[in-house]
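Please read the structure below before turning to the comments.
The values are calculated or read from the model by the stated rules, or taken from the named source; none is laboratory data. In this text the structure is predicted, and so the values were computed from the model without any measurement. With ideal geometry, Cβ positions are generated from the backbone for all residues, glycine too; neighbour counts draw on all protein chains shown. Surface accessibility is based on the protein's heavy atoms, side chains included, excluding ligands, DNA and RNA. Shrake-Rupley method; radii C 1.70, N 1.55, O 1.52, S 1.80 Å.
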Amino acid sequence: MSEPIVQVLNLTKRFGSFTAVDGVSFEIRKGEILGLLGPNGAGKTTTIQMLLGLVTPTSGEVKMFGLPLDRHREEILGKVNFSSTYVSMPQALTVEENLWVVARLYGMDRIASRIDDVVKQMEMEEFRTKVTRKLSSGQMTRLGLAKAFLTEPQVLFLDEPTASLDPDIADKTRSLIKEIRRTAGLTVLYTSHNMREMEAMSDRIIFLQRGRIVAEGTAEAIKAVHGETDLEEVFLKLARDQSAGVSRP
Amino acid sequence: MKLHRITALLYRHMCLYKRSFPRVLEIIYWPFVDLVIWGFITLYLQQFKEALPNFVVFFLGALILWDVLFRAQQGVTISFLEEIWSRNLMNLFASPLTPGEFLAATMTLSVGKVLVVSCVTVLAAFAFYSFNVFVLGLSLIPFVLNLIIMGWCIGVLTTGLIMRYGQEVEVLAWGLVFLFQPISCVFYPMSVLPVWLQAIAQMNPAAHVFEGMRAVIATGVFPTAELVWAVGLNAVYLAALIAWFHLMFAACKEKGLLVRVGE
């Protein structure tokens, strides 16, 4: 089995008396796609924000590439990127200019050819010179994904990456993620509310409920443990169960 | 500190200004309007020049130099606000960019803004009032540098407060600097202040710059003591405020504010 690239150890985040993430531990191995499931407010986004160093954990530790994030932030974040439907990019810049800024932030070489590649991969040729504020929501999502792929990260955090994409582009995006995973050993943490997508994409799934892991394993194993044939049924069961205990197949 | 990350931010803001005429106009509009209005008032008051020799030079010189400080502060704070307005802070701080590099970029950008504004005001002062700011001679260089650093200090303070308390205090970006104006003794000597306020003004680097400017105009002698005070105070304030900004940044990450500012 390959080595863990991401290690999350007993991660907890409290905002005053509210506990957003409560003692969460998991690992993601090189080349693995881990799905993070849970209802709104379960702690998925806070977990990702802690993994990106944007929110400081109350306790616990995040390690990537064997290094603690709090002491090796620059080194780690240079090999990591993310995409979220909730994050925008400077609206007055063109798509290409925004990608240039990102490439320079990450200290990339051969920026022009790398931008050409990612624009082609994400089928963005027709709007690469367009000002970002004039993009549709789907195009904006593609720009967010292009920004994430551009820097050739080893670890990618994708927060609902296909939420506003049409089925064709969403399917191509999923294929691209799998292709990069196959060719470059990309490690991915993936959140989505689309259960079919989650099942198709994830090697393993973690289900968060009120900041805690309440289920963990492959989609098949989680369904089997809960006696369901559909992951959506498991989701509804776990999300509505106020006293959900941990189920690990 | 990596240069490529600083130039990335400079490039981002250059693209912004390249495509936004209102933003460019905003940089030069107010200094120009200020200069025109106060310049004509100065011309009117020139009839009292026997009571106050060099009045025009005092006043227009002060006006131009105050704008240096103001624009240096704006350069830092508005650059941060631009990131809030475009909901881009997460992209920046989830990258390897450090808070120090972010500040370095905004400070560099502010120098660019100061250069543009200074060109406009210096040319306008010459065109409208035949006023040549270079009568201040070489002393102009340390004066301007100190005002830029003082502007950075207020800019870092304002940015830290906006980061910590959110867009509710956004008005500080335009207002806080004017709290320092009365004790900067821009248009009048420090001696007109009440004694207790003079003690406070003594701790303000800008007050030493403007006192020095008046000394150069009145006596032609370079005010070394004033300059030493300004440099010393600026060095202490800038170091302290950068350290404070890093503490605020850490506090914002602790409270989860960095990802919520602008929402």
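When the accessible area of region B:3-255 is split by element with a 1.4 Å probe, what percent falls to carbon and sulfur? C and S fraction of accessible area: 75 percent. With the dipole of chain A worked out from charges on the C-beta (+1 for Lys and Arg, -1 for Asp and Glu) around the Cα centre, which of A:L69, A:A112, A:F26 lies farthest toward the positive end? Comparing the listed Cα positions along the dipole, A:L69 ranks first.
Summing Cβ point charges (Lys, Arg +1; Asp, Glu -1) relative to the Cα centre of region B:3-255 gives a dipole of roughly 520 debye. Using the Kirkwood radius over C-alpha pairs as Rh, can you work out the diffusion coefficient of chain A via Stokes-Einstein at 20 °C, viscosity 1.002 mPa s, in µm² per second? Once the numbers are plugged in, D ends up at 115 µm²/s.
Given R0 = 30 Å, the distance between the Cβ atoms of A:A221 and A:F18 translates into a calculated FRET efficiency of 0.45. Basic side chains Lys and Arg get +1 at the Cβ, acidic Asp and Glu get -1 at the Cβ, and with that the dipole of the protein assembly as shown about its Cα centre reaches some 320 debye.
For the pair B:I37 and A:R240, label points projected 7 Å from Cα toward Cβ lie 6.5 nm apart.
With the whole protein complex present, A:K134 retains an accessible surface near 130 Å², based on a 1.4 Å probe. Put simply, the amide H of A:H226, placed in the peptide plane, has no neighbours under 5 Å, leaving out anything fewer than 5 places away on its chain.
Dipole orientation for region B:3-255: of the candidates B:V216, B:V24, B:Q46, B:V24 has the Cα lying most toward the positive pole (charges on Cβ; Lys, Arg +1; Asp, Glu -1). In the context of the full set of protein chains, residues of the protein assembly as shown present 43 Å² of accessible surface per residue (probe radius 1.4 Å, heavy atoms only).
Computed from backbone phi, the HN-Hα couplings of region A:38-50 come to x, x, 4, x, 6, x, 5, 5, 4, 4, 4, 4, 5 Hz, rounded to whole numbers (Karplus: 6.51 cos²θ - 1.76 cosθ + 1.60, θ = phi - 60°; Gly and Pro given as x).
When accessible surface is computed with a 1.4 Å probe, chains A and B are found to bury approximately 2900 Å² between them, both chains counted.
Note on A:T58 and A:R29: with the Förster distance fixed at 22 Å, the Cβ-Cβ geometry gives a FRET efficiency of about 0.25.
Looking at chain B, the pairs of alpha carbons with a distance over 34 Å make up 21% of the total.
Of B:Y44, A:Y106, B:Y11, the residue with the largest accessible area leads and the full order is B:Y44, B:Y11, A:Y106 (1.4 Å probe). Residues A:T46, A:T85, ordered by accessible area of protein heavy atoms at a 1.4 angstrom probe radius and largest first, appear as A:T85, A:T46.
Using every pair of distinct Cα positions in the protein assembly as shown, the Kirkwood expression returns a hydrodynamic radius of 25.5 angstrom.
The phi-based Karplus calculation (6.51 cos²θ - 1.76 cosθ + 1.60; θ = phi - 60°) puts the 3J(HN,Hα) values of region A:179-187 at 5, 5, 4, 5, 7, 10, x, 4, 9 Hz, whole numbers, x for Gly and Pro.
Once all protein chains are placed together, B:T121 keeps about 0 Å² accessible to a 1.4 angstrom probe. Applying 1/(1 + (r/R0)^6) with r as the Cβ-Cβ distance of A:S2 and B:V116 and R0 = 60 angstrom yields a FRET efficiency of 0.65. Taking 0.36 nm per residue of separation and subtracting the current Cα-Cα distance, fully stretching the chain between A:E233 and A:L9 would add 77.7 nm.
Taking 7 Å steps out from each Cα toward its Cβ at B:S130 and B:Y188 produces label points 3.0 nm apart. Each label was represented as a point 7 Å from its Cα along the Cα-to-Cβ direction; for B:V221 and B:Q46 these points are 2.9 nm apart.
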